[in-house]
1. Residues in the stretch 217-257 that are closer than 23 Å to M134 by Cα, surrounded by fewer than 22 Cβ atoms within 10 Å (Cβ to Cβ) and either touching a strand residue (DSSP E or B) at 6+ places or on another chain (Cβ under 6 Å) or not aliphatic (A, V, I, L, M) (or both): how many?
2. Quick check, is W194 assigned to a helix (DSSP H, G or I) and either under 24 Å from L113 (Cα atoms) or without any contact (Cβ under 8 Å) to a residue 12 or more places away in the chain (or both)?
3. Just wondering, is there one or more residues in the stretch 189-211 that are under 19 Å from I60 (Cα atoms) and either out of contact with any helix residue (DSSP H, G or I) (no Cβ under 8 Å at 6 or more places or on another chain) or not aliphatic (A, V, I, L, M) (or both)?
4. Could you tell me which residue of the stretch 21-46 is farthest from V94 (Cα to Cα), considering only residues that are charged (D, E, K, R) and surrounded by fewer than 23 Cβ atoms within 10 Å (Cβ to Cβ)?
5. Filter the stretch 86-120 down to the residues that are among the small types (G, A, S) and buried (at least 17 other Cβ atoms within 10 Å of the Cβ), then identify the one that is farthest from S270 (Cα to Cα).
6. Are any residues in the stretch 208-222 more than 15 Å from L46 (Cβ to Cβ) and among the β-branched types (V, I, T), and if so, which ones?
7. Is at least one residue of the stretch 208-216 crowded, with 17+ Cβ neighbours inside 10 Å, at pLDDT 85 or above and in contact with a Lys or Arg (Cβ under 9 Å, 6 or more places away or on another chain)?
Amino acid sequence: MWVLFAFGSAFFAGITAILAKIGIRNTDSNLATAIRTIVILIFSWLMVFIVGSQSTIYAISGHTLVFLILSGVATGVSWLCYFKALQLGNVNKVTPIDKSSTVLTMILAFIFLGEKVTWIKLIGMIAIGIGTYMMITKKECQAKEVKGNRWLFYAALSAVFASLTSILGKVGITGIESNLGTAIRTVVIMIIAWLVVFVMKKQGELKNIDKKSWLFICLSGITTGASWLCYYRALQTGLASVVVPIDKLSIVVAVVFSFFILKEKLTIKSFAGLIIIVTGTLVLLIK
């Protein structure tokens, strides 16, 4: 069952990238991220009350709470970097780098969670790494499509903190109902996101956000919430080294939608890289 939740997470995460890209075209990325956290917070706590896990909040151990908070902090930083990268670069370039966190997550899972290293997993990791490299390298004629290389820096940071999020989240989610764990993490993320907004003095731009941007920012918040609920439900009972790669298949959804909706070009080389990433991910499912 956790495999189905992992694929559900991938689907909603892929849609999120497209909705967010549209929503932040005319909006500061940090402000848009902060707005999304409010939507996700409402969504996640609604699920907590639906499943009735709010009564267990007093039974959360200090160890679990610490790791949930750390996971939330890592997620908040990853988000801020990811949506800044999305604002500066194309979805079909930014997403592969963000999803390359799969490899680092698997390495950390092997080291800190004691998950076994097999030849199958090693082959899958190498394939994902090669595919990612093929997707992010571009020809000179494409250089004008992105604003310098700043998007690459933010995308790389997003991947690093996303990896830490998965490991910390795996530890923290073990001793708590997954929906409640997700809701607690969201509180931490919201605090961080709005703190950044006020430090950068972007709160005054709220009144300048147009209706279309509001709509897509909020929709991206809802799909993110759905993705999280599926992801941490899968992570609670499944192996992090397998759940994370499946979740990263959201790259397929994101690239397909970016091609048809955002009209972003996909070269033959990038398409080949995408195929290799998907193949490497599917290989990880072999027992």
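The values are calculated or read from the model by the stated rules, or taken from the named source; none is laboratory data. In this text the structure is predicted, and so the values were computed from the model without any measurement. Note that we place each Cβ from the backbone using ideal geometry, even for glycine, and neighbour counts take in every protein chain shown.
1. The total comes to 1.
2. Criteria not met by W194.
3. Checked the stretch 189-211: no residue is under 19 Å from I60 (Cα atoms) and either out of contact with any helix residue (DSSP H, G or I) (no Cβ under 8 Å at 6 or more places or on another chain) or not aliphatic (A, V, I, L, M) (or both).
4. Taking the stretch 21-46 and keeping what is charged (D, E, K, R), we get 21, 25, 28, 36.
Applying the additional criterion that residues be surrounded by fewer than 23 Cβ atoms within 10 Å (Cβ to Cβ) yields 25, 28.
On the way: R25: 15, D28: 17 Å.
The residue in question is D28.
5. Going residue by residue through the stretch 86-120, those that are among the small types (G, A, S) are 89, 100-101, 109, 114.
Subsequent filtering for residues that are buried (at least 17 other Cβ atoms within 10 Å of the Cβ) retains 89, 100-101, 109.
Working: G89: 15, S100: 14, S101: 18, A109: 28 Å.
Among residues in the stretch 86-120 that are among the small types (G, A, S) and buried (at least 17 other Cβ atoms within 10 Å of the Cβ), the one farthest from S270 (Cα to Cα) is A109.
6. Keep residues of the stretch 208-222 that are more than 15 Å from L46 (Cβ to Cβ), which gives 208-217, 219-220.
Within the stretch 208-222, I209, I217 qualify.
7. Of all residues in the stretch 208-216, those crowded, with 17+ Cβ neighbours inside 10 Å come to 209, 213, 216.
Pick out the ones that are also at pLDDT 85 or above and you get 209, 213, 216.
Next, only the ones that are in contact with a Lys or Arg (Cβ under 9 Å, 6 or more places away or on another chain) stay: 213, 216.
Within the stretch 208-216, one or more residues are crowded, with 17+ Cβ neighbours inside 10 Å, at pLDDT 85 or above and in contact with a Lys or Arg (Cβ under 9 Å, 6 or more places away or on another chain).
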